[in-house]
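Read through the structure below, which is laid out as structure tokens, and then see the notes.
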Amino acid sequence: TNRLAIFGARWDQPEYQKWKSCWRGILPVNHARNAYAGTKVALNIHNQSYLRNLEFVTARPFHSLACGRATVSDTNSALAELLPEEESGLLHAVTSNDFVKYVTRLLQETEMREELAAKGRDFVIRNHNWGLRIDQLLDGL
């Protein structure tokens, strides 16, 4: 049996009442690793105003991939550049049908799920770490 747990702000709003039983509140940073480790597939859904208007990308897809979890995320050009689908193992969902298709397939195909999870973990650790970020900042000075 697959269960859904939703973490994040504003899921208690009236428009999300059908998901109320799945909402677990805000995920404290010190519990994130355990939450991701307990999943088969991690979903990332950005606040749409951040995603579309600001080209904002949360740390969640990086965290779930670094924890070795197959991850499906909504997307924008910034995320596609930082975590390209073919290289990073992140599946970019453009539509709600994409989410359903990807999650269903990942839950059914263990080998594919494990391959994407390993690929994603390796990619994030290799390409998105604090040492690289410091180098980028210092190079810009």
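At pLDDT 90 or above, assigned to a loop (DSSP other than H, G, I, E, B) and either farther than 18 Å from Phe99 by Cα or not β-branched (Val, Ile, Thr) (or both), is that true of Gly8?
Answer is no for this residue.
Can you report the number of residues in segment 25-46 which are surrounded by 13 or more Cβ atoms within 10 Å (Cβ to Cβ) and part of a loop (DSSP other than H, G, I, E, B)?
Of the residues in that region, 5 qualify.
Checking the condition touching a residue at least 40 places away in the same chain (Cβ under 8 Å), of a type outside the set (Gly, Ala, Ser) and within 26 Å of Asn30 (Cβ to Cβ), which residue from Leu90, Leu83, Leu107, Leu79 passes?
Leu83
From Phe56, Phe99, which residue is surrounded by fewer than 16 Cβ atoms within 10 Å (Cβ to Cβ) and either of a type in the set (A, V, I, L, M) or within 16 Å of Gly8 (Cβ to Cβ) (or both)?
Details: Phe99 fails: surrounded by fewer than 16 Cβ atoms within 10 Å (Cβ to Cβ).
Going through Phe56, Phe99 in turn, the sole match is Phe56.
Which members of segment 53-68 meet the condition of being out of contact with any Lys or Arg (no Cβ under 9 Å at 6 or more places or on another chain), part of a helix (DSSP H, G or I) and among the small types (Gly, Ala, Ser)? Let's see the steps before the verdict.
Residues of segment 53-68 out of contact with any Lys or Arg (no Cβ under 9 Å at 6 or more places or on another chain): 53-62, 64.
Subsequent filtering for residues that are part of a helix (DSSP H, G or I) retains 53, 60-62, 64.
Correct list: Ser64 only.
I want to confirm something. Restricting to segment 59-84 and keeping residues that are charged (D, E, K, R) and crowded, with 18+ Cβ neighbours inside 10 Å, which single residue is modelled with the highest pLDDT?
In this case the residue turns out to be Arg69.
Does Glu87 fit the bill of being open to solvent by 40 Å² or more (accessible area, probe 1.4 Å), closer than 19 Å to Phe123 by Cα and more than 14 Å from the chain's Cα centre (by Cα)?
Working: open to solvent by 40 Å² or more (accessible area, probe 1.4 Å): yes; closer than 19 Å to Phe123 by Cα: yes; more than 14 Å from the chain's Cα centre (by Cα): yes.
Yes.
Part of a loop (DSSP other than H, G, I, E, B) and of a type in the set (S, T, N, Q): is that true of Thr71 in this structure?
So Thr71 fails the test.
The values are calculated or read from the model by the stated rules, or taken from the named source; none is laboratory data. The shown structure was predicted, so the numbers you read here are calculated from the model rather than taken from an experiment. Don't worry about glycine lacking a Cβ; one is built from the backbone with ideal geometry, like all the others, and counts go over all protein chains shown. Protein only, heavy atoms only, side chains kept; ligands, DNA and RNA dropped before computing areas. Shrake-Rupley method; radii C 1.70, N 1.55, O 1.52, S 1.80 Å.
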